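Taking it in order: structure first as structure tokens, then the write-up.
Every number in this text was worked out from the coordinates using simple rules, so none of it is lab data. Please read all numbers here as calculations on a predicted model, not as lab measurements. Positions of Cβ are backbone-derived with ideal geometry, glycine not excepted, and every protein chain shown enters the neighbour counts.
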Amino acid sequence: MHFPASDLVIDPVLIRTYDTAGPRYTSYPTADRFVEAFGEADLRQWLAKRNLGGIGLPLSVYVHLPFCDTVCYYCACNKIATRDRGKSAKYINYLEKELALVGPLLGAERELSRLHWGGGTPTFLSRQEMSFLANLLRKHFTWTSQAECSIEIDPRRLEAGTLAFLAGLGFNRVSLGVQDFDPAVQKAVNRIQSEEVTRKAAEEARASGFRSVNVDLIYGLPKQTLDGFNRTLDKVIALAPDRVALYAYAHLPKLFAPQRRIAEADLPSAESKLQILSLAIGRLTRAGWLYIGMDHFARPDDALAVAQAQGRLQRDFQGYSAQPESDTLGLGVSAIGRIGPTYYQSAKTLEEYYAALDAERLPVARGIELTPDDLARRAVIQALMCQFRVSIESIELAHLIDFRKYFAAELADLRRLSADGLVELDGDWIVVTPKGRLLVRVVSMVFDRYLRERTARASYSKVI
């Protein structure tokens, strides 16, 4: 029993039945399970263990650059809207302090497999600041031409030549925020962005030698309609990006203050949202992109599609990755990292972040050390999210468990999902069907011990 990974069937009845709130599983346990009992001493301990025995994981670095000069009302990121360019200069100085503290703890193995600058808007920084930060990272890490180096871009705030400059710094992948080209939607979310500035950014990225151009879209935004999003898709398909990310808007105004400026009456109904999603999936797949899973589409020759076909796709806090499993060093305010069997998150406010570094402390606010149970469940959830299938035997061998006994309650729940056509249980395999793939979060939630024990902590977004 094997379905090509990109096969997808949209079943509106199933989606209406199972469209519940749930985690996105960029980690397991999810970030709302992190605890303040995990602090700086724990991170130092695990950093010291990275290279014991000479078999450490590859190293990735995520740098959070939180500044934007305008607020997009839909945004749920940790960002700081300001026109004061002096704020980024101060922040870069504190990143230097953080690297000075963490650098000596990393050991000899410093080769980067992946680098990502996210935000906020990383290009809020001046060219001088971006160059300083890149050189700072080169001082602390071996940054080879093989490394995947990506950056998030707001095309509205992009001076000509910036992408060529970034390519010169070593970046080779770029993600362009679009969300929707419909003027009514753009006005409703306070993000006015023309097709022209977006096209120029994509063209400059390609001309500058970027390996991959990604476009971000959001469905479920205020004032969004089927006709309007169809026109947006016309323009996106004409841009011909290597990857498209199609995220569901999660309206959580109690958690994210900018969303309070969105009138709930302007949001599309659940039915309209599903129609927009169905339209987008149909158009993108007919135009040649493959459905990778969880909001992501890629060209068949793109590294994500190749990695999925070869069974080595990964998922982490930056989404899907074709890179091997790695330790991730999170730098900057609110950044999340992963070292060994742990996750950690830095202080969420600039004040707390700066205060920790002024006191010569790593700015760890919380984290978690995974138990053997967490590791086994993470492996199952990763396989479901990335490959849509789990080899029972491989989990048993890697985690020394009797899968059918250990997950007896989960398998009983899966049989109910199987009866509805979301999964197939066939001997040594659990396989998400093409009808179940849009609901892979629901299948993964079956293996989430924290949800099974009803120790809910976060307000999760809807699956669709």
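Determine the shape class of the stretch 267-325: with a ≥ b ≥ c the square roots of the Cα gyration tensor eigenvalues, call it rounded for a/c under 1.5, and otherwise prolate if a/b is greater than b/c, oblate otherwise.
Here the stretch 267-325 falls in the oblate category.
Around VAL178, which amide H atoms from residues at least 5 apart in sequence, or from another chain, sit under 5 Å from its own amide H, with H modelled in the peptide plane?
ASP216
Can you work out the Karplus-derived ³J(HN,Hα) for every residue in the stretch 170-183? Use 6.51 cos²θ - 1.76 cosθ + 1.60 with θ = phi - 60°, whole Hz, and x for glycine or proline.
x, 6, 9, 9, 9, 10, 9, x, 10, 6, 6, 8, 5, x
Can you list the trypsin sites (Lys or Arg not before Pro) in the stretch 216-297 that are in a DSSP coil and have 14 or fewer other beta carbons within 10 angstrom?
On the way: sites: LYS223, ARG231, LYS235, ARG243, LYS254, ARG260, ARG261, LYS273, ARG283, ARG286; in loops: LYS223, LYS254.
Answer in residue order: LYS254.
Taking amide H positions as placed 1.01 Å from N in the peptide plane, with prolines and chain starts having none, which residues 5 or more places from ARG366, or on another chain, fall under 5 Å of its amide H?
Correct list: GLN345.
Taking the Cα centre as origin and putting +1 on Lys and Arg beta-carbons and -1 on Asp and Glu beta-carbons, what dipole magnitude results for the chain, to the nearest 20 debye?
So the dipole magnitude of the chain works out to roughly 600 debye.
Determine the shape class of the stretch 1-100: with a ≥ b ≥ c the square roots of the Cα gyration tensor eigenvalues, call it rounded for a/c under 1.5, and otherwise prolate if a/b is greater than b/c, oblate otherwise.
On the way: a/c = 2.30, a/b = 1.29, b/c = 1.78.
In terms of gyration-tensor shape, oblate.
Out of the stretch 188-262, which GluC sites (Glu not before Pro) are coil in DSSP terms and have no more than 16 other C-beta atoms within 10 Å? Mind showing how you got there, number by number?
Working: sites: GLU195, GLU196, GLU203, GLU204; in loops: none.
Loop-located and lightly packed - none at all.
Indicate the helices, whole DSSP H runs only, in the chain that combine a mean Kyte-Doolittle hydropathy of 1.0 or more with a Cα extent along their long axis of 27 angstrom or more.
On the way: long enough: none.
None pass (Cα extent of 27 Å or more, hydropathy at least 1.0).
What relative contact order, as a whole-number percentage, does the chain give when Cα pairs under 8 Å and 6 or more residues apart are counted?
Details: 810 pairs, mean separation 103.6, N = 464.
About 22 percent, as a whole number.
5 Å is the cut-off here: which amide hydrogens, built 1.01 Å from N in the peptide plane, fall below it relative to LYS435, excluding neighbours closer than 5 in sequence?
VAL9
Roughly how many Å is it from the Cα centre of the stretch 217-277 to that of the stretch 109-164, as a whole number?
One Cα centre to the other: 28 Å.
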